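The values are calculated or read from the model by the stated rules, or taken from the named source; none is laboratory data. A quick note: this is a predicted structure, and the numbers were derived from the prediction, not measured. Because the Cβ atoms are built from the backbone with ideal geometry, glycine has one as well, and the counts that use them run over all protein chains shown. Keep in mind that these areas ignore ligands, DNA and RNA; they rest on the heavy atoms of the full protein, side chains included. Shrake-Rupley method; radii C 1.70, N 1.55, O 1.52, S 1.80 Å.
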Amino acid sequence: MSLIDHFEQRLGRISGGVRKMDGLQIAHYENGRFHDVESWSTLGMSRHILTVRGTGNRYVLEAFLAVRKIPEELTADMGRCVEWIANEMVGRHEARIRGDVQQLPGVIHPLSVLDSIYFANPVYYDEEFYSVELEPNGQSAGIVWLIPVGPREARYVREHGWQRFEEQLERSDPDLLDVTRNEIV
């Protein structure tokens, strides 16, 4: 299965996107598995081998962001968010994996306090979505879910660890697709 097919099976058909440097693209998807949700993903980030800071572990990754439908004039902001994260990772050759937090240059949405990204497994989707075998070389790429979080949530992850944060997510059960949601801590 191609990378595009892998994403389109869950996120919907590609409805637009932009091509960036080094073969990296940002794709926009609509009408996926969840009603009134649109998504953006990287395509081509997996051409870069990324290293986890501190461990030296190396990963090949693609990433996606999924949000409840927002006004059309704000959709470009979501694509720019994914692009910014991808450029940070590729530019630094640094993998961001489950439990990492990255502050954004600003809030993700004008009506939101969410100003950081939490990197997670795509638990709203089937387990087969967690990775994809890339054509034609058969190398496997991990799929990272970019979840917008607020400053208190980002601080909580840094101070208490991602396991405790994910336990809080399970207890609170917020709508992680809502970029205007309140923080859980």
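The set of residues in region 66-86 that are of a type in the set (D, E, K, R) and modelled with pLDDT under 90 comprises 69, 72, 73, 77.
Residues that are over 22 Å from residue 102 (Cα atoms), modelled with pLDDT of 95 or more and either part of a loop (DSSP other than H, G, I, E, B) or not acidic (Asp, Glu) (or both) within region 5-33 comprise 6, 7, 9, 10, 11, 12, 13, 14, 29, listed in sequence order.
From the list 92, 80, 96, the lone residue that is closer than 27 Å to residue 136 by Cα and under 17 Å from the mean Cα position of the chain (by Cα) is 96. In the set 95, 63, only one residue is at pLDDT 95 or above and within 15 Å of residue 43 (Cβ to Cβ); that residue is 63.
Determine whether region 9-19 contains at least one residue that is in contact with a helix residue (DSSP H, G or I) (Cβ under 6 Å, 6 or more places away or on another chain) and open to solvent by 40 Å² or more (accessible area, probe 1.4 Å). Taking every residue of region 9-19 in turn, none turns out to be in contact with a helix residue (DSSP H, G or I) (Cβ under 6 Å, 6 or more places away or on another chain) and open to solvent by 40 Å² or more (accessible area, probe 1.4 Å). In region 1-46, the qualifying residues are those that are charged (D, E, K, R) and over 17 Å from the mean Cα position of the chain (by Cα), and the one that is farthest from residue 76 (Cα to Cα) is 5. Residues in region 133-160 that are open to solvent by 10 Å² or more (accessible area, probe 1.4 Å), more than 13 Å from residue 99 (Cα to Cα) and not in a loop (DSSP other than H, G, I, E, B): 133, 140, 142, 151, 152.
The residues in region 103-131 that are of a type in the set (S, T, N, Q), closer than 19 Å to residue 157 by Cβ and open to solvent by 30 Å² or more (accessible area, probe 1.4 Å) can be counted, and the count is 2.
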